[in-house]
Amino acid sequence: FGPPATVLEMGQFVHACEGEMVCESINPKIPHFNAPIYLENKTSVGKVDEVLGPINQLFFTIKPSEGIQATSFKAGDKFYISGEKLLPLEKFLP
């Protein structure tokens, strides 16, 4: 399949936890579970594993791809996602 033609900013690295990357969302939309996550150059780094936190301060975890170390990233590093793998926040409101 390969990476998407364009990627959007999804979040920034906060810290590593149990081999996964914990990120703060900087995108107003919600990522699909298992959505591929990329660097800005479209290198795949892993998939969305968990989405957590209140809707006004969303966090998510990335399960890294084989060969990617969660501890190799530093706070503030940005991650990207395909626009097709995002859901509007309204889907999660009552």
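Observations on the model:
- Whenever a residue of region 70-94 is in a helix (DSSP H, G or I), its partners that are of a type in the set (Asp, Glu) and at pLDDT 95 or above, lying with C-beta atoms within less than 7 angstrom and at least six residues away or across chains, give the pairs ALA70/GLU20.
- Taking residues in region 24-41 that are farther than 10 Å from LEU58 by Cα, and partners anywhere that are in a loop (DSSP other than H, G, I, E, B) and hydrophobic (A, V, I, L, M, F, W, C), the pairs with Cβ atoms closer than 6 Å and at least 6 places apart or on different chains are TYR38/VAL7.
Conditions (1) hydrophobic (A, V, I, L, M, F, W, C); (2) surrounded by fewer than 18 Cβ atoms within 10 Å (Cβ to Cβ), marked per residue:
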| position | (1), (2) |
| --- | --- |
| GLY11 | no, no |
| GLU20 | no, yes |
| SER25 | no, no |
| PHE33 | yes, yes |
| LYS47 | no, no |
| ILE55 | yes, yes |
| LYS74 | no, yes |
| ASP77 | no, yes |
| LYS85 | no, no |
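- Matching residues in region 19-49 - criterion: being of a type in the set (D, E, K, R) and either on the phi < 0 side of the Ramachandran plot or assigned to a strand (DSSP E or B) (or both): GLU20, GLU24, LYS29, GLU40, LYS47, ASP49
- Selection from region 5-18 of residues that are assigned to a loop (DSSP other than H, G, I, E, B), touching a residue at least 60 places away in the same chain (Cβ under 8 Å) and not hydroxyl-bearing (Ser, Thr, Tyr): VAL7
The values are calculated or read from the model by the stated rules, or taken from the named source; none is laboratory data. All of these numbers come straight from a predicted model, not from anything done at the bench. As a convention, Cβ positions derive from the backbone with ideal geometry for all residues, glycine included, and neighbour counts pool all protein chains shown.
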